[in-house]
Amino acid sequence: METVVERPSALDVHKEQVTACVRVPGKGRSREQHVAEFPTTVAGLLTLRDWLAAFGVEQVVMEATGVFWKPVWAILEDEFDCVLVNARHVKQVPGRKTDVKDAEWLCQLAEAGLLRASFVPPKPIRALRNLTRYRKTQIQERAREANRLHKALEDTGIKLDCVATDILGVSGRAMLDALVSGTTDPEILADLARGKLRKKIPALKEALEGRFDHLHAVWIGAILAHLDFLDEQISNLTEAIGEQIAPFEKAVELLCTIHGVQRRTAEVIIAEIGVDMSIFPTAKQLASWAGQCPGNDQSAGRRRSGKTRKGSKWLDWALEEAAMAAIRTNDSYLAAQYARLRPRRGHKKALGAVKHSILCICWHMLSTGELYTDLGGDYFRKRDPERITKRLIAQLESLGHKVTLEELPQAA
């Protein structure tokens with residue numbers, strides 16, 4: 001194979017050790033290969049860095065192995081041209097499967113320029129990504145804990161959630177705190193209602209009649225304390241995210257002009273794809289990387305599975321939240337797109353098309369810096385009026401009607 005990278009290095013990264021392989025020019029036209037193992041402690045990785053520098057390494061390649069590659073990358077990225085590759089793109093040759101063989105084969109592929117680099121965002125975006133992802137896990141945990149609260153109340157026979165829309169609102173929380181503190185009189189509890197809920201006091205008295213004992217107080221009190229802790233954690237993380245995303249505030253404001261995209265969603269999108277769209281030459285390539293388009297599997301003239309490839313689940317969740325909000329926006333392009341596709345493609349695929357559109361819109365906006373301009377809810381109707389006219393005439397004629405068209409005079 002032709003030598004593209006003169007002095008490549010490949011790392012087989014594990015939790016406790018790194019196996020490194022370096023290929024350098026030898027005597028004449030031959031190539032020399034050197035292999036060594038290093039611990040993944042900071043001291044061991046610094047030794048690895050010095051060992052690679054001694055050979056004059058130009059490029060360091062490693063597989064995306066869980067999270068184990070991250071500390072190695074952090075030590076080496078300032079000194080070398082680091083390349084992260086997808087393990088599924090690196091096919092193993094027949095033979096023994098060992099760490100040394102992996103590093104040697106990866107180094108040979110790097111030498112021949114046969115590896116495709118995965119997208120690794122810059123340090124500020126990676127730090128932001130860590131915060132937004134952890135905040136999402138805390139939000140999910142809060143939802144699970146709220147569900148546990150509903151189940152606990154069912155065990156007590158109290159039907160507060162059948163009367164109050166949000167049992168963790170001001171009124172509901174006051175009643176729950178009173179129950180935990182030992183107050184079980186339905187009249188006293190119902191009188192804690194505030195605002196519009198006071199109109200439902202008779203229903204509240206009936207719903208708050210249950211068998212709430214000491215063990216229930218301990219159980220539900222622990223759940224409420226955990227909910228308070230999670231609320232505080234989410235608030236602290238949101239504040240830290242606001243500080244970290246400050247240099248990209250203009251991009252956040254741009255994305256928030258898209259229908260369905262709120263600030264929290266915009267923060268997640270920026271944390272997952274960054275703000276430099278030169279990494280993705282086209283919007284279609286960004287959608288492919290994110291797993292927001294059909295798969296491409298064709299052989300012998302036949303199109304086989306169109307299953308969507310896996311992408312960032314964090315980005316997918318953010319796009320789904322935005323899409324669900326967008327399809328409820330009246331007289332908007334995204335809502336019209338969903339309404340057009342749902343009857344014949346179903347909810348899931350129609351929503352997937354809206355997610356794809358939102359991501360493509362993000363690419364164009366971050367590339368050009370322009371605000372979002374909605375095409376309108378009548379875009380598909382005005383795009384090809386003759387085709388729509390023919391379709392409607394055909395439907396009327398199939399019902400036994402004779403259709404005569406007459407153009408209306410245009411308004412002055």
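The values are calculated or read from the model by the stated rules, or taken from the named source; none is laboratory data. Computed from a predicted structure; not experimentally measured. Please note: Cβ atoms are built from the backbone with ideal geometry, for glycine as well, and neighbour counts cover all protein chains shown. Heavy atoms of the whole protein, side chains included, go into the accessibility calculation; ligands, DNA and RNA do not. Shrake-Rupley method; radii C 1.70, N 1.55, O 1.52, S 1.80 Å.
Residue-by-condition table, conditions (1) assigned to a strand (DSSP E or B); (2) at pLDDT 95 or above:
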residue: Met1; (1), (2): no, no
residue: Val4; (1), (2): no, no
residue: Asp12; (1), (2): yes, no
residue: Val24; (1), (2): yes, no
residue: Gly28; (1), (2): no, no
residue: Phe38; (1), (2): yes, yes
residue: Thr65; (1), (2): no, no
>> of a type in the set (A, V, I, L, M, F, W, C), under 22 Å from the mean Cα position of the chain (by Cα), crowded, with 18+ Cβ neighbours inside 10 Å and not in a helix (DSSP H, G or I): is that true of Leu115 in this structure?
In response: no
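List the helices (runs of 4 or more DSSP H) inside region 221-297, counting only whole elements, that have at least 3 residues being among the hydrophobic types (A, V, I, L, M, F, W, C) and touching a Ser or Thr at 6+ places or on another chain (Cβ under 9 Å). Steps first, please.
Working: elements: 249-255, 263-273, 283-289.
Those helices (runs of 4 or more DSSP H) span 263-273.
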> Within the set of pairs 6+ apart or on separate chains, which have a first residue in region 331-342 that is farther than 15 Å from Tyr372 by Cβ and in contact (Cβ under 8 Å) with a residue 40 or more places away in the chain, a second that is basic (Lys, Arg) and part of a helix (DSSP H, G or I), and C-beta atoms under 9 Å apart?
Replying inline: Ala336/Arg381
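Can you give me the number of residues within region 293-314 that are within 21 Å of Ala87 (Cα to Cα) and not charged (D, E, K, R)? Quick ask: steps written out before the conclusion?
Looking only at region 293-314, we keep the residues that are within 21 Å of Ala87 (Cα to Cα), and these are 295-297, 307-314.
Filter once more, so that each one left must be not charged (D, E, K, R): 295-296, 308, 311-312, 314.
Number of matching residues: 6.
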> So which residues in region 162-185 are buried (at least 16 other Cβ atoms within 10 Å of the Cβ) and assigned to a helix (DSSP H, G or I), if there are any at all?
Replying inline: Val163, Ser171, Gly172, Arg173, Met175, Leu176, Ala178, Leu179, Val180
> Give me the pairs: first residue in region 183-203 and among the aliphatic types (A, V, I, L, M), second residue surrounded by 11 or more Cβ atoms within 10 Å (Cβ to Cβ) and in a loop (DSSP other than H, G, I, E, B), beta-carbon distance under 7 Å, and six or more apart or on different chains, which are they?
Replying inline: Leu189/Thr183; Leu189/Leu208; Ala190/Leu208; Leu197/Ala164; Ile201/Ala193
> List pairs: first in region 382-407 and of a type outside the set (Lys, Arg), second part of a loop (DSSP other than H, G, I, E, B), Cβ under 6 Å, 6+ apart or cross-chain?
Replying inline: Ile393/Val403; Leu396/Val403
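Conditions tested, residue by residue: (1) within 26 Å of the chain's Cα centre (by Cα); (2) crowded, with 18+ Cβ neighbours inside 10 Å; (3) within 18 Å of His34 (Cα to Cα); (4) at pLDDT 90 or above.
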| residue | (1), (2), (3), (4) |
| --- | --- |
| Ala74 | yes, no, no, yes |
| Ala87 | yes, no, no, no |
| Val93 | no, no, no, no |
| Arg96 | no, no, no, no |
| Trp105 | no, yes, yes, no |
| Ala110 | no, yes, yes, no |
| Arg129 | yes, yes, no, yes |
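Among the residues of region 289-308, are any among the aliphatic types (A, V, I, L, M), within 17 Å of Thr373 (Cα to Cα) and either surrounded by 19 or more Cβ atoms within 10 Å (Cβ to Cβ) or touching a Gly at 6+ places or on another chain (Cβ under 7 Å) (or both)? Give the derivation first.
The initial filter retains those residues of region 289-308 that are among the aliphatic types (A, V, I, L, M), namely 290, 300.
Add one more test, that the residue is within 17 Å of Thr373 (Cα to Cα), and what stays is none.
Within region 289-308, none of the residues are among the aliphatic types (A, V, I, L, M), within 17 Å of Thr373 (Cα to Cα) and either surrounded by 19 or more Cβ atoms within 10 Å (Cβ to Cβ) or touching a Gly at 6+ places or on another chain (Cβ under 7 Å) (or both).
Please indicate, with yes or no, whether at least one residue in region 392-410 is assigned to a helix (DSSP H, G or I) and surrounded by 13 or more Cβ atoms within 10 Å (Cβ to Cβ).
Of the residues in region 392-410, the ones assigned to a helix (DSSP H, G or I) are 392-398.
Retained after the next criterion (residues that are surrounded by 13 or more Cβ atoms within 10 Å (Cβ to Cβ)): 393.
Scanning region 392-410, I find at least one residue that is assigned to a helix (DSSP H, G or I) and surrounded by 13 or more Cβ atoms within 10 Å (Cβ to Cβ), so the answer is yes.
I'd like to know if region 47-54 contains one or more residues that are open to solvent by less than 40 Å² (accessible area, probe 1.4 Å), touching a helix residue (DSSP H, G or I) at 6+ places or on another chain (Cβ under 9 Å) and either at pLDDT 90 or above or farther than 30 Å from Ile220 by Cβ (or both). Can you show your working first?
Applying the first criterion (open to solvent by less than 40 Å² (accessible area, probe 1.4 Å)) to region 47-54 yields 48, 52.
Still in the running and touching a helix residue (DSSP H, G or I) at 6+ places or on another chain (Cβ under 9 Å): 48, 52.
In the following step, the residues that additionally are either at pLDDT 90 or above or farther than 30 Å from Ile220 by Cβ (or both) were identified as 48, 52.
There is at least one residue in region 47-54 that is open to solvent by less than 40 Å² (accessible area, probe 1.4 Å), touching a helix residue (DSSP H, G or I) at 6+ places or on another chain (Cβ under 9 Å) and either at pLDDT 90 or above or farther than 30 Å from Ile220 by Cβ (or both).
Can you go through Ser9, Ser30 and tell me which one is over 19 Å from Asp78 (Cα atoms) and of a type in the set (Ser, Thr, Tyr)? Don't jump to the end; show me each part of the working.
Details: Ser9 fails: over 19 Å from Asp78 (Cα atoms).
Answer to the selection: Ser30.
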